[in-house]
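The values are calculated or read from the model by the stated rules, or taken from the named source; none is laboratory data. Bear in mind that the values here come from a model prediction, so they are computed numbers and not experimental data. Methodologically, a virtual Cβ is constructed for each residue, glycine included, from the backbone with ideal geometry; neighbour enumeration extends over all protein chains shown.
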Amino acid sequence: MSALAYDGTAMLGRHLRRVRHNPGLLILTQSMPVTMLLFFGYVFGSALATPGQEYRAFLLPGLLVATAANGIMTGMFQAAQDSHRGVMDRFRTLPMSRAAVPLGQAAADLVVTAVGMVPLMLVGLAVGWRIEGSALEAAGAVGLLLLFRFAMSWVGILLGLMTGSEEAAGQLGGATFLLPLLSNAYIPTGGLPPWLRTVAEWNPISAVTTALRDLFGNAPVPVDGAWPVTHPVAGSLAWCALLIAVFLPLAVRRYAHGRG
């Protein structure tokens, strides 16, 4: 086993134990999407109904992607917490791969996310959402969702290492809730003003949400709009590749060089 794989596995175990010892935070982060599904689906469902389909079926993929995008906030807070408390400095003194620490955090976040998506999907099935596509397409949708979470976690890890403060990370993390609002996660973008529709459709969340709706068989791919939403699978893969290619090496470099 290579040094990176061995050290990364050790960091993965550390972060999973961290989650186990803080179950309240896990319950809170996983219950919020379920609450939003029930609230939006039943309270706003009639007002936000989409033509020709049940709003809760339209909403569920958007909530899954919004939860994946929340990897920015969790990645940022955990990295900032370790940096602020000096844990990162202690890790740098150990004879281990520089990429292992952020990679272990991103991998642990992916495991927790995969488990946490199950209750939301089960509640979605209970309130009327259905997987209308094939099993292979559904598996592709889940894989794409986890890839997007992995990409967004690297954005958060870099921001957390840059801030180095739990307070700053907490304040900045609140702003990430705006990202799904500027997308098609909750509402169709067809009725938006042209400039705002362009912004929303070039939001990576819109591409991944459209891809999930297509792969799950919940909504057809739009015939007009920005390229990422008219070619949602290719657009989603392109966004994920771009985010990982940019933020993964920057996060590893930032960790290796410390706060300076």
Any hit, segment 146-166, residues being more than 19 Å from the chain's Cα centre (by Cα), modelled with pLDDT of 90 or more, of a type outside the set (A, V, I, L, M, F, W, C) and more than 19 Å from Thr67 (Cα to Cα): no
Lone qualifier among Ala138, Ala169 - being buried (at least 23 other Cβ atoms within 10 Å of the Cβ), aliphatic (A, V, I, L, M) and part of a helix (DSSP H, G or I): Ala169
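Just for segment 204-213: of the residues that are touching a residue at least 40 places away in the same chain (Cβ under 8 Å) and of a type outside the set (A, V, I, L, M), which one is nearest to Ser153 (Cα to Cα)?
Restricting to residues being touching a residue at least 40 places away in the same chain (Cβ under 8 Å) and of a type outside the set (A, V, I, L, M), the top hit is Pro204.
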Scan of segment 55-93 for residues that are touching a residue at least 40 places away in the same chain (Cβ under 8 Å) and among the aromatic types (Phe, Trp, Tyr), ordered by number: Phe58, Phe77
Where a residue in segment 143-155 is charged (D, E, K, R) and its partner, wherever it lies, is outside any helix (DSSP H, G or I), with Cβ under 9 Å and at least six apart: Arg149/Asn70
Single residue of Thr189, Thr113 found to be polar (S, T, N, Q), out of contact with any Asp or Glu (no Cβ under 8 Å at 6 or more places or on another chain), modelled with pLDDT under 95 and buried (at least 16 other Cβ atoms within 10 Å of the Cβ): Thr113
Arg149 vs. criteria part of a helix (DSSP H, G or I), among the basic types (Lys, Arg) and surrounded by 16 or more Cβ atoms within 10 Å (Cβ to Cβ): yes
Segment 179-232, residues that are acidic (Asp, Glu) and in a helix (DSSP H, G or I): Glu201, Asp214
Pairs where the first residue, in segment 11-24, is more than 11 Å from Gln105 (Cα to Cα) and the second is part of a loop (DSSP other than H, G, I, E, B) and at pLDDT 80 or above, C-beta under 8 Å, 6+ apart: none
Test: residue in segment 159-177 that is under 17 Å from Ala219 (Cα atoms) and either touching a residue at least 60 places away in the same chain (Cβ under 8 Å) or touching a strand residue (DSSP E or B) at 6+ places or on another chain (Cβ under 8 Å) (or both): no
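Please determine, by comparing only the residues of segment 81-98 that are part of a helix (DSSP H, G or I) and in contact with a helix residue (DSSP H, G or I) (Cβ under 7 Å, 6 or more places away or on another chain), which one is modelled with the lowest pLDDT. Explain how you work it out, then say what you get.
The first filter runs over segment 81-98 and keeps only residues part of a helix (DSSP H, G or I), leaving 81-84, 87-92.
Remaining after also requiring in contact with a helix residue (DSSP H, G or I) (Cβ under 7 Å, 6 or more places away or on another chain): 81-84, 88, 91.
Numbers: Gln81: 85, Asp82: 85, Ser83: 84, His84: 79, Met88: 82, Phe91: 82.
Applying the filter and picking the extreme gives His84.
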All positions within segment 211-243 that are within 15 Å of the chain's Cα centre (by Cα) and surrounded by 19 or more Cβ atoms within 10 Å (Cβ to Cβ): Ala211, Leu212, Ser236, Trp239, Cys240, Leu243
Conditions (1) under 20 Å from the mean Cα position of the chain (by Cα); (2) farther than 19 Å from Val229 by Cα: number failed by Leu179: (2)
Some residue of segment 196-203 being without any contact (Cβ under 8 Å) to a residue 40 or more places away in the chain, surrounded by 21 or more Cβ atoms within 10 Å (Cβ to Cβ) and in contact with a Pro (Cβ under 9 Å, 6 or more places away or on another chain): yes
Any hit, segment 153-164, residues being under 13 Å from Gln78 (Cβ atoms), outside any helix (DSSP H, G or I) and not aliphatic (A, V, I, L, M): yes
